[in-house]
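The values are calculated or read from the model by the stated rules, or taken from the named source; none is laboratory data. These figures come from a predicted structure and were not determined experimentally. Backbone-built Cβ (ideal geometry, glycine too); neighbour counts: all protein chains shown. Please note that ligands, DNA and RNA were not included when accessible areas were found on the heavy atoms of the full protein model with its side chains. Shrake-Rupley method; radii C 1.70, N 1.55, O 1.52, S 1.80 Å.
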Amino acid sequence: MSRLAVVSGGGTGIGRSTAGMLAGEGYDVIIVGRRADVLADAVKWIGPQASAVTADVSDPAQIPAVAAAVGDRPLDVLVNNAGAYVSGADSTLDQVASHWRANFDSNVLSAVLMTTSLLPSLRRPGGRIILTSSIAAQKGGGGPYSAAKAALHGYALDLAVELGESGITVNVISPGYVTDSEFFAGRMTPEGHRSRVDATLVKRAGEPQDIAEAVRWLVGPGGGYVTGQIINVNGGSVLGR
């Protein structure tokens, strides 16, 4: 039986590229997202090893559909990629609370709910959990989004300690500026693009495949001794932390 991977936020950008890479490595891949039409397009692009579950993974009531799709199969790889910058007003305390909770739900609670639900299915030993963070967690600039992504780091370290004896590794990938994703949809200007490219040492923007390649390493034989780490994939725009 083929190995099995689940990728949340798998319909576009980093998630879709990661799911495609995993399918190419021989995994059956379940992609999860909120928009059925986007997921259907991604499944066609990924190929016959892909299937989709339409669910908002920040909603506890929708998570069981993902667990049902996994069923009794051992789960080899869980990529918690779902998340977004959620904009909001901050004029009143109620607005501040709503804005911060929305970012926490989208970026942290989504990963916690997915991991908690699927943890019994993770292969022991050999399971891999990967969480997608952001350079914003390390350099700021995103307000509640930065704080939410930073919270993933502490969560991942706790998981790594908890699951190490079971042979499950847990790591965070922290991307820098990546094009061909929906993160900056309608918000990126030519000046913003140039400034982000100029901030790298390699003088180019990242692509979703750059992140997928980091996942390839972590889930492959070479990643078996790597756990509890924050893996920066940012072209050198943040160094060594």
- Message: Taking only complete DSSP H runs, can you tell me which helices of the chain stretch 20 Å or more along their own long axis by Cα positions and average at least 0.0 on the Kyte-Doolittle scale?
- Response: 144-163
- Which residues in the stretch 35-73 have a backbone N closer than 20 Å to a point placed 7 Å from the Cα of ARG124 along the Cα-to-Cβ line? 67-68, 70-73
- Over the stretch 46-202, what is the mean sequence separation of C-alpha contacts under 8 Å (at least six apart), divided by residue count, expressed as relative contact order in percent? 22
- Just in the stretch 11-98: which chymotrypsin sites (Phe, Trp or Tyr not before Pro) are loop by DSSP and have at most 10 other Cβ atoms within 10 Å? none
- Query: Once label points are set 7 Å from the Cα along Cα→Cβ at both HIS193 and TYR225, what is their separation, rounded to one decimal in nm?
  - Reply: 4.2
- Between the DSSP loop rule and a limit of at most 15 other Cβ atoms within 10 Å, which trypsin sites (Lys or Arg not before Pro) in the stretch 120-189 are left? ARG187
- Using 7 Å Cα-to-Cβ label points, what is the ASP158/ASP41 separation (nm, one decimal)? 3.7
- Within the set of other residues whose C-beta is less than 12 Å from the C-beta of ALA5, count the net charge using Lys and Arg as +1 and Asp and Glu as -1. +2
- Note on the structure: Residues whose modelled amide H sits under 5 Å from the amide H of ASN232, counting only those 5 or more places away in sequence or on another chain, are SER174
- Separation of alpha-carbon centers, the stretch 11-39 and the stretch 114-161, rounded to whole Å: 19
- With 5 Å bins from zero, work out the P(r) of the stretch 30-74 over every alpha carbon pair and list the percent per bin. 5, 24, 28, 22, 17, 4
- Query: What list of whole percents do you get for P(r) of the chain, with Cα-Cα distances grouped in 5 Å bins up to the one holding the largest distance?
  - Reply: 1, 7, 14, 19, 21, 17, 12, 6, 2, 1, 0
- The answer for the stretch 23-154, accessible area per residue at 1.4 Å probe in Å², is 44
- Candidate aspartates and glutamates - alpha carbon under 19 Å from LYS139, same-chain residues fewer than 8 apart omitted: ASP198
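How high is the relative contact order of the stretch 1-101, in percent, counting Cα pairs under 8 Å that sit 6 or more residues apart?
Relative contact order of the stretch 1-101: 29 percent.
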- Task: Could you look at the chain and say what percent of its accessible area is carbon and sulfur, using a 1.4 Å probe and all protein chains?
- Result: 54
